[in-house]
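The values are calculated or read from the model by the stated rules, or taken from the named source; none is laboratory data. Bear in mind the structure is a predicted one, so any value in this text is a computation, not a measurement. Every residue, glycine as well, gets a Cβ built from its backbone with ideal geometry; the counts of neighbours run over all protein chains shown.
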Amino acid sequence: MAVNTLDESLVKHVKDNYADYTYDMFMMNMSADLEEIELFSEYVDILNDKKLYTFEAARSGTQTTETDLSRANGEVVHVVNLSSYNYLGFSYHPDVIKAAQDAVGKYGLGASSSPIISGTYLIHKQLEEALVKFFGLPDRGVSLFTAGYSVNLGAISAFIKPGHQVIMDAASHMSIVEGAKLSGGEMTFFRHNDMAHLEELLKEKCDDFTRVLICVEGIYSGDGDYGNLKEVVRLAKKYGAFTLVDEAHSALVAGEHGKGVCEQQGVLEDVDMYVMTFSKAFGGVGGAVYAKKELVKYINWYAKCRMFSCALDPAVTGGMTKVIELAGGPLGAERRKRLKENAKYYRSLLEGKVKLSEGDAWVVIVHFGAESKTLGLNDYLQRTGLDTSIIQFPAVPRNEARIRMFVTSEHTQEQLKRAADIILSAAAKFDFLKK
Ligand SMILES: Cc1ncc(COP(=O)(O)O)c(C=O)c1O
């Protein structure tokens, strides 16, 4: 790319003021030149030179609870890992790895075709059956996708057409928003978890639109709180709308048997589309939508990112099938229990001292305010021994940046105590202790 097209004064401005820049500043450009692309590259290089680029740091092994990170500038830091959503530690369970290896031995590396054409293997059917059995409703099936992101993209855009309506929680994950955009339907947002606002919109939209889909999450990925699924389902029934619940952070974990927040709130049977991502508690990659068999058949054909893309690879498919078996047995129950205890313990160390997400979930959010603090803060956290997942504008509203942490069943109390001490020292240094 031709960096010399860039105005040198702009580069100088970034160099002199790098600490005031945030990554969203490079998202816009109305002109034909490639200024934002070149300048962003300069910005990342400057941050690397200043030893402040904490993103994309490479790990040398599995997502264990403590690990070494190699930063892009070559520095290595040792951290407690609260930045990976491997909630039950399944990504490195020996039986899961063995199942993945066996599947590669039998089916080879890739599926080499769309699932609708010739990319469906027997092992895909076994995974589908295992999921249907795990969630337990006989009239349901699953449609497999190669990313959790694609599940929302594909399922929403298959179900909703121009002339239909999608009503989403304002805190919805990007994949839900993009799925709705792709569908061509009209999009409306209700205030986060505000059921009165949802009802107001349903009253208005259900009269005007032939098909209305409400999209919510089991545990909100950016806020760490629970969706009010019971009320969403009640309102959907009252106004004749359909529901999609994204259980990315709660499938296998929430509810007594791991069937998610839908199980916890007693609405599993009432939800039209239940979205799960294999990247979280499943410890793999990919995802699925669990829905009535007729709808699954339709999605299989009309979710374009599934139809026009290669099927899930055998290794992950074999690994995920083993994960369902483990999650449905005593190990799953034991790890779910430990995860909840760990989340409770970790929250108790932070409670009242920083602005913490509500509830008891394993997605633990600490608000720190302006995104201009992100660079220094994340550098400090990593250097003092903690890796977290920072979220900032535009993923969340401006000046509402957050440290997001994923507690797992595998963390020890000592690791969680160490992590909490680091958060509290950062809060004192970067001015986000609760006053
Ligand atoms: C709520 C939610 N939905 C969907 C996704 C996308 O899942 P994946 O990373 O498996 O593509 C995520 C990812 O973080 C998420 O948090």
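Listed by position, the helices (runs of 4 or more DSSP H) enclosed by the range 321-435 that each have at least 2 residues that are within 30 Å of Ala288 (Cα to Cα) and not assigned by TED's automatic domain parsing to the domain that holds Ala254 are 330-350.
Looking only at residues in the range 144-163 that are within 12 Å of the ligand (Cβ to nearest atom) and of a type in the set (S, T, N, Q), the one that is farthest from Ala303 (Cα to Cα) is Thr146.
Just give me the residues in the range 108-157 being among the small types (Gly, Ala, Ser), over 23 Å from Met168 (Cα atoms) and touching a residue at least 60 places away in the same chain (Cβ under 8 Å), in sequence order. Lay out the reasoning, then the answer.
Our first condition is that a residue be among the small types (Gly, Ala, Ser); within the range 108-157, this holds for 108, 110-114, 118-119, 130, 136, 141, 143, 147-148, 150, 154-155, 157.
When the remaining residues are screened for being over 23 Å from Met168 (Cα atoms), the result is 108, 110-114, 118-119, 130, 136, 141.
Residues satisfying the conditions are Gly108, Gly110, Ala111, Ser112, Ser113, Ser114, Gly119, Ala130, Gly136, Gly141.
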